[in-house]
Amino acid sequence: MENFDVVVVGSGPGGYVAAIRCAQLGFKTAIIERYNTLGGTCLNVGCIPSKALLDSSEHFYNASHTFKEHGIDVGSLKVNLEQMIKRKAGVVKQTSDGISFLMKKNKITTYFGHGTFVSKDTVEVALNDGNKTTLSAKKFVIATGSKPIVLQGMEIDKKRIITSTEALEMKEVPKNLILVGGGVIGLELGSVYARLGAKVSVLEYADSIIPTMDKSLGKELQKSLTKIGFEFFLNHKVLEVKNKGKEVLVKASDKAGKEVQFNGDYCIIALGRKPYTENLGLDKAGVKLDDRGKVEVDENLVTSNENIYAIGDVIKGAMLAHKAEEEGVFVAEKIAGQKPHINYNLIPGVVYTWPEVAAVGFTEEQLKEKGTKYKVGNFPFKASGRARASMDTDGFVKVLADEKTDEILGVHMIGPRTADMIAEAVVAMEYRASAEDISRMSHAHPTFTESLKEACLDATAKRALHI
Ligand code: FAD
Ligand code: NAD
């Protein structure tokens, strides 16, 4: 039996960051990963590979649709999907190798195998090389992540009925791709294939796409994606998905409750993800799940066993890599007796479509529900000189500020590079800035970020300069 101060189960962005911070704080640390590579969902089949394909497909789309207008003639273009997927695999490998380097640098012992609690302070690891080992520790961190939700009647065959994982490894560009779920995964991966020429049909149960974000964002995104080959069927509840050989048949009920059918050559099921706790031995460890199957934690991310913490997708809250990372740092610092803090309201959400969607803080719908009186500032990208120069004029920045104090309560953006722009809003809100504060700060010209300043000017006193 090996003894450690801290053992982390799972090497996604939650787990590996927790391990690094624990090691930085002087703890003898181990990490267990059931796959043969580090980095979890995010690095291997999530954030990084999807962004690699989004970037490649965006190049293709621009080359075939916008280069001519820029005065660049490139002749006929062809997609080499095999090469695109190969490049993506290279990016993933480089990134995962980087995590291995960080584990070594920080003297973290890595075990590749499935970890199962066999008691309150011991984990048995069924190593991938066929051997077994047992680890004991003073503290454990559960960071085992999540897996796709699959509903009855929509069994994944990994050939034509697929999840995001298979959608990152396609052998051909679908002709008619059906997306079950108009959330983040569907729209990002749908964008990849729409840009490469697929017709994409989105079947979404709610009355808008990305329904948990500020409603104005979904509406605007729908307009932009329609231009690149998406078709949307909102208020459609998918009931059944069947593989019929060379095609997929999808049955749904529409708003009126009438059954409707859709045919495609591939169907991506993206209905959300659920916590992954299989064969983890939580009962042996005295760790409870909540009624939604998530590991139950208190405000300090401590489970029902006081020596076991849990973080990331396996617990409540947004299923985002940067949320998992913050929690990784938080638990390490808690274990060290420090007083860390996470402001969950200021964890930004981003959708990497084009235009990009990014938001932080309260939505207009949430403020209305809370009864908070607020002011709205808007700035459209078509009024931005930088956006006109790059031909990226779809979208807007919307700032919500407290009616009396002018404090920024929410920022909702759709447009070019908003994924990066949202950081300014996070900083401002972390320091409880008013809309006027931002509107009095110099923003380099011409940049997309001037649009945030203009939206703040509009929110603070209806005095935007360029609209
Ligand atoms: P995970 O990354 O899921 O890692 C958990 C790890 O634990 C896995 O490697 C698993 O093999 C291992 N494990 C599980 N059980 C055991 C066990 N018993 N023993 C040993 N190891 C075990 N989020 C963003 O913020 N930005 C994005 O752009 C983004 N894009 C995404 C795209 C896709 C297609 C998907 C699917 C997700 C995306 N996400 C994105 C979400 C993000 O990937 C997750 O929120 C994040 O990975 C959660 O991190 P985690 O550490 O909690 O778990
Ligand atoms: P999601 O929750 O974003 O979207 C699922 C959608 O499916 C919802 O809009 C829901 O209304 C719809 N739906 C549910 N049941 C349905 C039915 N029967 N018929 C039709 N529609 C139905 O989930 P996802 O897209 O699978 O993503 C999973 C998680 O991964 C998300 O929580 C997200 O945070 C994370 N993720 C993040 C990023 C990012 O940060 N850019 C990218 C990809 C994934």
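The values are calculated or read from the model by the stated rules, or taken from the named source; none is laboratory data. Everything numeric in this text was worked out from a predicted model, so none of it was measured. Don't worry about glycine lacking a Cβ; one is built from the backbone with ideal geometry, like all the others, and counts go over all protein chains shown. Only protein heavy atoms, including side chains, enter the accessible area calculation; ligands, DNA and RNA are left aside. Shrake-Rupley method; radii C 1.70, N 1.55, O 1.52, S 1.80 Å.
Observations on the structure shown:
- Charge-dipole axis of the chain as Lys and Arg at +1 and Asp and Glu at -1 on Cβ define it, positive-most pick from Asn279, Ile422, Phe67: Phe67
- Distance between the modelled labels on Gln94 and Leu346, one decimal in nanometres: 3.2 nm (7 Å Cα→Cβ projection).
- Alpha-carbon centroid distance for the pair the stretch 302-319 / the stretch 396-418, whole angstrom: 31
- Trypsin sites (Lys or Arg not before Pro) lying in DSSP loop within the stretch 195-259, provided at most 13 other Cβ fall within 10 Å: Lys244, Lys246, Lys255, Lys258
- Accessible solvent surface per residue of the chain, calculated while the other protein chains remain in place, 1.4 angstrom probe, Å²: 47
- Per residue Cα convex hull volume in Å³ - calculated over the stretch 355-459: 80
- Kirkwood hydrodynamic radius of the stretch 84-241, Cα pairs, Å: 19.1
- Diffusion constant of the chain at 25 °C, which comes from Stokes-Einstein with the Kirkwood Cα-pair radius and 0.890 mPa s, µm²/s: 103
- More than 13 Å apart - percent of Cα-Cα pairs taken over the stretch 1-74: 72
- For the chain, share of DSSP beta bridges that run antiparallel, in % to the nearest 5: 60
- Working note: 222 nm ellipticity from helices only, DSSP H runs with n ≥ 4, each -39,500 (n - 2.57), summed and divided by the residues of the chain, gives -10000 deg cm²/dmol to the nearest 500.
- Cα Rg, Dmax (largest Cα-Cα span) when computed across the stretch 161-271, Å: 13.0, 40
- Kirkwood Rh in Å, taken over the stretch 226-298 so that all alpha-carbon pairs contribute: 15.9
- For the stretch 298-378: span of alpha carbons on each principal axis (Å, largest first): 47, 33, 21
- Of all accessible heavy-atom area on the chain, the percent that carbon and sulfur account for (1.4 Å): 51
- Of interest is the spacing of the C-alpha centroids, which for the stretch 1-70 and the stretch 131-192 amounts to 15 Å.
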